[in-house]
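J.: Okay, here's the structure, questions in a sec.
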Amino acid sequence: MIVDKANAALDSVYTADTPEALEEAYAAWAATYDSETASLGYLLPFLITAWVARHVPAGDGPLLDAGCGTGLSGPSLKALGYRDIAGLDLSDDMLKIAGSRNAYSELKQAMLGRNLPWSDGHFRAFFSTGVFTISHAPASGLHELVRITRKGGHAIFTVRDQVFESGGFQAVFDDLAQAERWRPVEESPWFRCYAIAEPDALVKTFVFEVI
């Protein structure tokens, strides 16, 4: 069954213990990622557009889809009037699929938690879904994302419940606030990231304004 394949693929990315292993897992999953995550009712790439639209006026840009995967968010944002969207992902195979959607102005292979290939204050906002999760991007990656977001811009991202405390996210949030790099604007309640399967998989969306 397609749901079983999706769950097996999720297991492979959640148990990856190195960036290289994670990249290999996504390379193996890229071709069937969209249909298999859809079978689970994966909401996040589409739901994140609501928070973007709430805080970033249509037409403003550039935006960064940080950890864009196969680019599921891009077409939805393009339909809402956002034309200047960049994407980054660690998987070249996923980026190739994202490029086929004709919704991104640029796509770069890069890894959250390391230096990113854009200048200070380049983006109007960044958004990220399903990336700050088990065996994926570290909370420390937020420092670089904030660096490349301009003052007055927005940081919009989800964090999985299982890594929020263990991954030190609150400490990074506090560090950035104390350094006067951002201020909190909004956070959602914890909610399911899959509408059909995995009822215990919860995430929260956070919105900060860069200052």
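The values are calculated or read from the model by the stated rules, or taken from the named source; none is laboratory data. Keep in mind the model is a prediction, meaning the values are calculated, not measured. All Cβ positions, glycine included, derive from the backbone under ideal geometry; neighbour counts span all protein chains shown.
J.: Among the residues of segment 197-211, which ones are modelled with pLDDT under 95 and either touching a Gly at 6+ places or on another chain (Cβ under 7 Å) or of a type in the set (Ser, Thr, Tyr) (or both)?
T.: Matches in segment 197-211: 197 only.
One line per residue, one yes/no per condition, for (1) among the acidic types (Asp, Glu); (2) within 17 Å of the chain's Cα centre (by Cα); (3) at negative phi:
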{"position": "163", "(1), (2), (3)": "no, yes, yes"}
{"position": "168", "(1), (2), (3)": "no, no, no"}
{"position": "183", "(1), (2), (3)": "no, no, yes"}
{"position": "193", "(1), (2), (3)": "no, yes, yes"}
{"position": "197", "(1), (2), (3)": "no, no, yes"}
{"position": "200", "(1), (2), (3)": "yes, no, yes"}
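J.: Related question: Identify the single condition in (1) in a strand (DSSP E or B); (2) over 16 Å from the mean Cα position of the chain (by Cα) that residue 125 does not satisfy, given that it satisfies every other one.
T.: Failed condition: (2).
J.: On to the next question. Out of 131, 159, which single residue is closer than 25 Å to residue 34 by Cβ, touching a residue at least 40 places away in the same chain (Cβ under 8 Å), touching a Gly at 6+ places or on another chain (Cβ under 7 Å) and in a strand (DSSP E or B)?
T.: Criteria check complete, one pass: 131.
J.: List pairs: first in segment 108-126 and more than 18 Å from residue 61 (Cβ to Cβ), second part of a strand (DSSP E or B) and of a type in the set (Ser, Thr, Tyr), Cβ under 8 Å, 6+ apart or cross-chain?
T.: Taking only residues 6 or more apart or on different chains, the pairs are 112/128.
J.: Criterion first (at pLDDT 95 or above and among the hydrophobic types (A, V, I, L, M, F, W, C)) does residue 148 satisfy it?
T.: It is true that residue 148 is at pLDDT 95 or above and among the hydrophobic types (A, V, I, L, M, F, W, C).
J.: Please work out if residue 63 is in contact (Cβ under 8 Å) with a residue 40 or more places away in the chain and within 16 Å of the chain's Cα centre (by Cα).
T.: Considered against the rule, which asks whether it is in contact (Cβ under 8 Å) with a residue 40 or more places away in the chain and within 16 Å of the chain's Cα centre (by Cα), residue 63 comes out as yes.
J.: Considering every residue within segment 167-190, establish whether at least one is among the hydroxyl-bearing types (Ser, Thr, Tyr) and more than 20 Å from residue 89 (Cα to Cα).
T.: Yes, that holds for at least one residue.
J.: Residue 57 passes all but one of (1) in a loop (DSSP other than H, G, I, E, B); (2) within 13 Å of the chain's Cα centre (by Cα); which number fails?
T.: (2)
J.: Considering only segment 66-83, state which residues are without any contact (Cβ under 8 Å) to a residue 40 or more places away in the chain and surrounded by 15 or more Cβ atoms within 10 Å (Cβ to Cβ).
T.: 68, 71, 72, 74, 75, 76, 77, 78, 82
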